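Computed from the coordinates by the stated procedures, all read-outs in this text should not be read as laboratory data. This is a predicted model, so every value here is computed, not measured. No Cβ is skipped: glycine too gets one built from the backbone with ideal geometry, and neighbour counts run over all protein chains shown.
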Amino acid sequence: MKRLFSILAVTCLMVIGTVNANATTTVAAATITVANVAQDDTAETEDLGFHQELKKRFIEGGPGFMGIVLLCLILGLAIAIERIIFLNLSTTNSKKLTQNVEDALASGGIEAAKEVCRNTKGPVASIFYQGLDRADEDIDAAEKAVVAYGGVQMGQLEKNVSWISLFIALAPMLGFMGTVIGMIQAFDKIEAAGDMQPSLVAGGIKVALLTTVFGLIVAIILQIFYNYIIAKIDSIVNDMEDSSITLMDLLVRHKK
């Protein structure tokens, strides 16, 4: 009888040990599975790049105001790129041009200097040509021509720049308008439901804030381009003014 109890006790211990081992294995396997799922979710989240996240947020913001804000960005960038290309093409090595005009005046006179200006691109060369074209009259006429045509060239440099500043101001205002409308819609849902549920408010507020974020992003991008364009225009205008003074000095010496 004692031997039977001993055998039963050993058997029970073996069964309990087996069950515990199986349970441990099951728990470990479940833990590994959960960890793998979490890693997969993390990998999927990491795989969701910046462009996908931006696209997702853009769609969540709604096509209405988000589309208008995107249109402001596209038009503003188009004008900014066109102005940057134009200003880069308008940049002239004024020192080299002045030296060439001075050499042409000394060797071939006014006509030779005008030919140098005709073969050179940029507003400085155009101003030089207008001044040289009036040089046969007197210095005052040449100076008036330079000043007048300098204003014309400045207007061409600043062409369409005001549209960029308009889009800079318009984009965040549209975003704020979308935010206000989204908040109104959220309160309308609360009023219709008759209960202050966080789920009703959260969606509307999130959509509202997304329009503001995208409006501010558009304004920041366009502001960077706008400041670069303004700095480039100021540099060219200063170069034009300095070169105009140098041209008047050359004409005075040539008249003597």
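Tabulated results
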{"read-out": "The range 65-154: GluC sites (Glu not before Pro) in DSSP loop, at most 11 other beta carbons within 10 Å", "value": "GLU137"}
{"read-out": "Projected label distance in nm at ILE139 and ILE217, using a 7 Å step from Cα toward the beta-carbon", "value": "6.0 nm"}
{"read-out": "Computed label-point distance, nm, for sites ASN119 and LEU89 using a 7 Å Cα→Cβ extension", "value": "2.1 nm"}
{"read-out": "Violating pairs (Cα-Cα greater than 22 angstrom) within the set LYS121/LYS159; LYS114/LYS232; LYS96/LYS121; LYS114/LYS159; LYS144/LYS232", "value": "LYS114/LYS232; LYS114/LYS159; LYS144/LYS232"}
{"read-out": "Centre separation in Å (Cα based) which lies between the range 230-256 and the range 208-227", "value": "38 Å"}
{"read-out": "Label-point separation, SER165 to LEU70 (7 Å along Cα→Cβ), nm", "value": "2.9 nm"}
